[in-house]
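Contents: one structure, followed by commentary.
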Amino acid sequence: MKTKTPLNFLALLFVVTHLLYLTPSKAAEFCSDDYYINVTLANGARWDLCWEQRNREGIILHKVHYTPAAGQRRMVLSSASLAQIHVPYDDNGARYHDISDYGLGGSYMVGLRQTDCPAGKLLKLDNKPVICEQISQSDHGFRYQNEQVNIESLSLFSVSRVGAYHYIPLWRFYADGSIEPAVGATGALQRFNDASAEDRGWLIADNKVGLGHVHNFFWKLDFDLAGSSRNDLIEELNLQQQGEQLVLQVKELATETGRSVNPATARRWLIRDREQKNTEGQALAYEIRLPQSEQQDRGPDSETFTHEDIYFTTFRDCELYASHNPELAGCADSLSGFVNQETLQGADLVVWPSTTFYHMPRAEDAPFMDAHWSYISLTPRDWQARNPLSPSADLSGTDLAQPEPEPEPPITPPVLPPRPPITPPSPVPAQQGGTGSLDYGLLLLLVLASWGMRRRRNRLD
Ligand SMILES: [Ca+2]
Ligand SMILES: [Ca+2]
Ligand SMILES: [Ca+2]
Ligand SMILES: [Cu+2]
């Protein structure tokens, strides 16, 4: 492609900068400008959303919109937040519910410094910087021969101190529409015992056991695909083995339910819009996966909310936390009570995914622990009709429409005409097993030949 002349380019730059200067910031539809994040990434993709800080949940994101490069702006999530961090210890000495019983916001929220946010922007709440907004680069958005792009993401994180722990809720919004909600767990270990508790944790120093525990992270994701809340549906996808084939089974979930991962069937879920479609006529959807399933926590009967990995409910104002939810206005205490047979059809759906990190302390966890990252994965599926990162024409699969090519000549040795069957000489009956009929014929010939030679030799003598 031919580059523009420098003069044209300068003129364009002049117009663009003046337009930006004349319109200070686009007024947000859903919140005041102070709580509006509006970022266009290098490839032209844009994410815009509102944020809010609450004492318990910490940062809550609202009205999250994705605009693909040269594509349509659409709402993905009406709201998104962490909804519980549940930390039961192996010795049953504590079973914390960090968000509902303590909190990630208010005085638990750590004020950030510019050094915490290299090349990023600090977003303030009453003069306290609480969010770091950054643009991150990762390699290999894709590569095809010489065409390669890095994929950028908008990342937003805050830091909250709960006891000795420091949690880092992080949201990554990628240029291709993917979203990665994550939490880092760092700080210092909270609970110890002496060597007598070695099988309830790990001996990390002389007569000092760091007690083992689980971090169950729960998110509350109110998807309102394309801005409409009552026309979304949930599908569960499983791949079943049938002989040597894997067959995709898609099942719509009709009523509120909790479900769990199944690595044997590569189980995942889709939230799909019944009406809105991409330019190829496919219904818009986001795929929800829980990739960190190397451990699961199935707690005691008092913690039934841990018995499934993901819950699907209809929206209720008072359903805030996955557990220890305030039982006001007839609201249930936890997810297992939120699931009460309400229909998911025609309802405003809320998805509650979770993931578990089993924390077995180690000597390296003192004095401070490395940040361990727990995350889930949200990927657009048919949100766009093509990969929004590539400007190239889509030629993939075009040979499918062409006639079948002539069969190639085989590389293996050519097929020989069938050999004539070898029948045994009639006087010798066919034997079962052991020596074949051919050997009998040869034996007969040898006997005859040696008899003839002996006769000839006798004659010569
Ligand atoms: Ca919708
Ligand atoms: Ca319900
Ligand atoms: Ca919804
Ligand atoms: Cu831990």
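Any read-out appearing in this document is the output of simple, stated calculations on the displayed coordinates, not a laboratory observation. Source: prediction; values computed, not measured. Using ideal geometry, Cβ is built from the backbone for each residue, glycine included, and neighbour counts are taken over all protein chains shown.
Can you classify segment 30-76 as rounded, prolate or oblate using the Cα gyration tensor, where a ≥ b ≥ c are the square roots of its eigenvalues, rounded means a/c under 1.5, and otherwise it's prolate if a/b beats b/c and oblate if not?
Values: a/c = 2.58, a/b = 2.35, b/c = 1.10.
Prolate is the answer for segment 30-76, as a/c is 1.5 or above and a/b outweighs b/c.
Once a ≥ b ≥ c are taken as the square roots of the eigenvalues of the Cα gyration tensor of segment 166-301, is the result rounded (a/c under 1.5), prolate (a/b larger than b/c) or oblate (a/b not larger than b/c)?
Working: a/c = 2.87, a/b = 1.92, b/c = 1.50.
Here segment 166-301 falls in the prolate category.
Give me the net charge of L270's neighbourhood, meaning all other residues with Cβ under 14 Å from the Cβ of L270; Lys, Arg count +1, Asp, Glu -1.
Details: positive: K251, R259, R267, R268, R272, R274, R289, R381; negative: D232, E235, E236, E252, D273, E287, D382.
For residues surrounding L270, the net value is +1.
Which value, in debye to the nearest 20, gives the size of the charge dipole of segment 274-399 about its Cα centre, when Lys and Arg are +1 and Asp and Glu are -1 at the Cβ?
On the way: 8 positive and 21 negative charges, 72 e Å.
Rounded to the nearest 20 debye, it is 340 debye.
Consider a paramagnetic label point 7 Å from the Cα of D370 along Cα→Cβ; state which residues of segment 156-191 have an amide N under 20 Å from it.
Inside the label zone: 165-170, 182-190.
May I ask you to evaluate 6.51 cos²θ - 1.76 cosθ + 1.60, the Karplus curve with θ = phi - 60°, for each residue of segment 29-36 and list the ³J(HN,Hα) values in order in whole Hz, giving x for glycine and proline?
With the stated coefficients, segment 29-36 comes to 6, 10, 7, 6, 4, 5, 10, 10 Hz.
Tell me the relative contact order for segment 24-75 as a rounded percent, counting alpha carbon contacts under 8 Å between residues six or more apart.
Numbers: 78 pairs, mean separation 13.7, N = 52.
Rounded, it is 26 percent for segment 24-75.
Of Q282, P300, L233, which is farthest along the charge dipole of segment 227-317 in the positive direction, counting Lys and Arg as +1 and Asp and Glu as -1 at C-beta?
Q282
Net charge within 12 Å of G106 by Cβ-Cβ distance, Lys/Arg positive one each and Asp/Glu negative one each, not counting G106 itself? Before the final figure, lay out the partial values.
Values: positive: R54, R56, K128, R161; negative: E57, D126.
Result for the neighbourhood of G106: +2.
Using mean Cβ contacts within 10 Å as the protection proxy, how do 78-88, 118-128, 177-187, 253-263 order, highest first?
Values: 78-88: 24.2, 118-128: 12.7, 177-187: 20.2, 253-263: 15.3.
Ranking the peptides 78-88, 118-128, 177-187, 253-263 by packing returns 78-88, 177-187, 253-263, 118-128.
Summing Lys, Arg as +1 and Asp, Glu as -1, what charge do residues with Cβ under 13 Å from the Cβ of D370 carry, D370 excluded? Don't skip to the answer; put the middle values down first.
Working: positive: R362; negative: E364, D365.
With Lys, Arg at +1 and Asp, Glu at -1, the neighbours total -1.
Using per-residue counts of other Cβ atoms within 10 Å, averaged over each peptide, order 294-305, 221-232 from highest down.
Going by the mean number of other Cβ atoms within 10 Å, highest first, we get 221-232, 294-305.
Whose amide H sits under 5 Å from the amide H of G201, counting only residues 5 or more places off or on another chain, with H placed in the peptide plane?
G212
Apply the Karplus curve 6.51 cos²θ - 1.76 cosθ + 1.60, θ = phi - 60°, to the phi angles in segment 84-96 and return the couplings in whole Hz, x for Gly and Pro.
Residue by residue, segment 84-96 yields 4, 10, 9, 10, x, 9, 4, 8, 6, x, 7, 9, 7 Hz.
Answer rounded, prolate or oblate for segment 94-213, using the Cα gyration tensor with square roots of eigenvalues a ≥ b ≥ c: rounded when a/c is under 1.5, else prolate when a/b is larger than b/c, else oblate. Write down the numbers at each step before the final one.
Working: a/c = 2.88, a/b = 1.61, b/c = 1.79.
Note, shape of segment 94-213 comes out oblate.
By how many nm would the segment from Q148 to N38 lengthen if fully extended, with 0.36 nm per residue of separation less the alpha-carbon distance? Intermediate values should be presented prior to the final figure.
Details: separation 110, 0.36 × 110 = 39.60 nm, distance 2.62 nm.
Contour length minus Cα-Cα distance gives 37.0 nm.
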